[in-house]
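Undergrad: Here you go, one structure.
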Amino acid sequence: MKSKYDKSRRKFLHDIGLAGLSIPFISAVGNCNEETKKQKTMSAKNGKLGIALVGLGGYAGGQLAPALLQTEHCYLAGIVTGTPSKAVTWKEKYNIPDKNIYSYDNYDSIKDNPDIDIIYVVLPNNMHAEYTIRGFEAGKHVICEKPMAITVEDCDKMLAASKKANKLLSIGYRLHFEPYNLEMVRLGTQKMYGNLKKISGGFGFRAGPSQWRLTQKYAGGGPLMDVGIYVIQGMCYTSGMEPIAVTAVEGVKTDLEKFKEVEQSLTWQFEFPGGLIGEGITSYADNMNFLKAEADKGTFELTSAYNYNGQKGNTPEGPMNFSTVNQQARQMDAFALSVKNNKKSIVPGEMGKRDVKYLQAVYEAMRTGKRIEIK
Ligand code: NDP
């Protein structure tokens, strides 16, 4: 059944330049069998741009590589890894030639490899800046995972490197390509239910034991850096506004050992222009996943907002109903088209830097207990 919003939504997608990606009409993601995989690899270079994934961890292996078997404008051409055994498995699984397999030591020589057009940095947060900058120095376009970096200064260096190389930078903000979240954008920014009065969101999960995400050095913070950033994004794209001030309170630590370096949970309140309030919560100890907008004529919300699939949404006129898409495939195809058309990404480095500035403001508010103005 098609949503009753389809017509105006199509116009909205057209207006924001995403209609060409057929986002709402793509059928649910299926398993790629061996034959399809082989065909995809054989036809890989037919006009497609080559992507090299840097850092073969959970996200690269679980989401990005499978998504690259479904992309129309790019394909998995190469890998950069510090783990030799992964090089062996990935080579076999994705049919990657030896000449396109790199370690962190010979990463810079990727500049001589014409198969690689785009570097996708999927490393721990503190490594994003270095590997993005080295990617630009190698003359490649770059997608960098969220958060763009740990400091605003690093974001500036990444943007400068992009400019100097005259290559494009995009951040891995997959939800800008996901129909339910795009519907929140449409309903909020087009004021379909009047002015927004309040917007709230929460994203949290129970983090596993010791890993880089629990260290200040590698992660730059706790759940705020990792998943709270989605809530900040959701508030901004739904309202179409940018926060001007923030207050924040750290949650109580129930596990002092596990959370000795980073916050276990955190709540914050943004002030937006015109008096709109944004209430956010993020946690490494509780499951939550929502984005809610209260407007003059009713509430619209996602009760499952940020996952790779399974979004659920409600409006005053009934539930949202959209097809499942492969968010990562849409995101990477959109960037490949940006590169082909020499057009800025709709999720550019500037947006990543803006969000790192908000993350830092939330932490400053949390640490000082003061209302921090965001400039
Ligand atoms: P993982 O820990 O699963 O993988 C990180 C990989 O980075 C490792 O497997 C390793 O790959 C490489 N690496 C290099 N040096 C180190 C080091 N010192 N410590 C740990 N790993 C190292 O992380 P994720 O894949 O979950 O996250 C990677 C990035 O992607 C993060 O920035 C995260 O925020 C982002 N992310 C984004 C998501 C999204 O939905 N957009 C979802 C999940 C993560 P190798 O062995 O190949 O060298």
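Undergrad: What length, rounded to one decimal in nm, is gained on full extension from Glu279 through to Lys260, with 0.36 nm per residue of separation minus their alpha-carbon distance?
TA: Extra length from Glu279 to Lys260 when fully extended: 4.3 nm.
Undergrad: Given R₀ = 25 Å, what would the calculated FRET efficiency be for Lys157 paired with Lys111, taking r from the Cβ atoms and rounding to 0.05?
TA: 0.85
Undergrad: Right, here's the next one. Semi-axes of the equivalent ellipsoid of the chain: what are they in whole Å, largest first, if each equals the square root of 5 times a C-alpha gyration tensor eigenvalue?
TA: 32, 26, 19
Undergrad: For the stretch 272-287, take each phi angle, set θ = phi - 60°, evaluate the Karplus expression 6.51 cos²θ - 1.76 cosθ + 1.60, and give the result in whole Hz per residue in order, putting x for glycine and proline.
TA: So the J values, rounded to whole Hz, are 9, x, x, x, 5, 10, x, 9, x, 9, 9, 7, 9, 10, 9, 8.
Undergrad: Could you please state how large a percent of the accessible area of the chain is carbon and sulfur, counting protein chains only and using a 1.4 Å probe?
TA: C and S atoms contribute 51 percent here.
Undergrad: Taking the Cα atoms of the stretch 89-225 alone, what are Rg (to one decimal) and Dmax (as a whole number) in Å?
TA: Spelled out, the Cα radius of gyration and Dmax of the stretch 89-225 are 18.5, 57 Å.
Undergrad: What length, rounded to one decimal in nm, is gained on full extension from Lys344 through to Ser323, with 0.36 nm per residue of separation minus their alpha-carbon distance?
TA: Full extension of this stretch gives 4.8 nm more.
Undergrad: Over the chain, average the accessible area per residue using a 1.4 Å probe and give it in Å², no decimals.
TA: 44
Undergrad: OK, next. If Rh is defined by the Kirkwood formula over all Cα pairs and Rg also comes from Cα, what ratio Rg/Rh do you get for the stretch 205-294?
TA: 1.00
Undergrad: Given the alpha-carbon gyration tensor of the stretch 42-127, what are the semi-axes of its equivalent ellipsoid in whole angstrom, ordered largest first, with each equal to the square root of 5 times an eigenvalue?
TA: Ellipsoid semi-axes (Å, largest first): 18, 15, 13.
Undergrad: Amide H to amide H under 5 Å from Tyr102: which residues, 5+ apart in sequence or cross-chain, H placed 1.01 Å off N in plane?
TA: Ile79, Val80, Thr81
Undergrad: In whole Å and largest first, what semi-axes does the C-alpha gyration tensor of the stretch 266-365 yield when each eigenvalue is scaled by 5 and square-rooted?
TA: Semi-axes from the Cα gyration tensor: 26, 22, 15 Å.
Undergrad: Which distance in nm do the two modelled labels at Thr303 and Thr89 give, with both placed 7 Å along the Cα-to-Cβ direction?
TA: Modelled inter-label distance: 3.7 nm.
The values are calculated or read from the model by the stated rules, or taken from the named source; none is laboratory data. This is a predicted model, so every value here is computed, not measured. Note: ideal-geometry Cβ built from the backbone for every residue, glycine included; neighbour counts use all protein chains shown. For accessibility, only protein heavy atoms count, side chains too; no ligands or nucleic acids. Shrake-Rupley method; radii C 1.70, N 1.55, O 1.52, S 1.80 Å.
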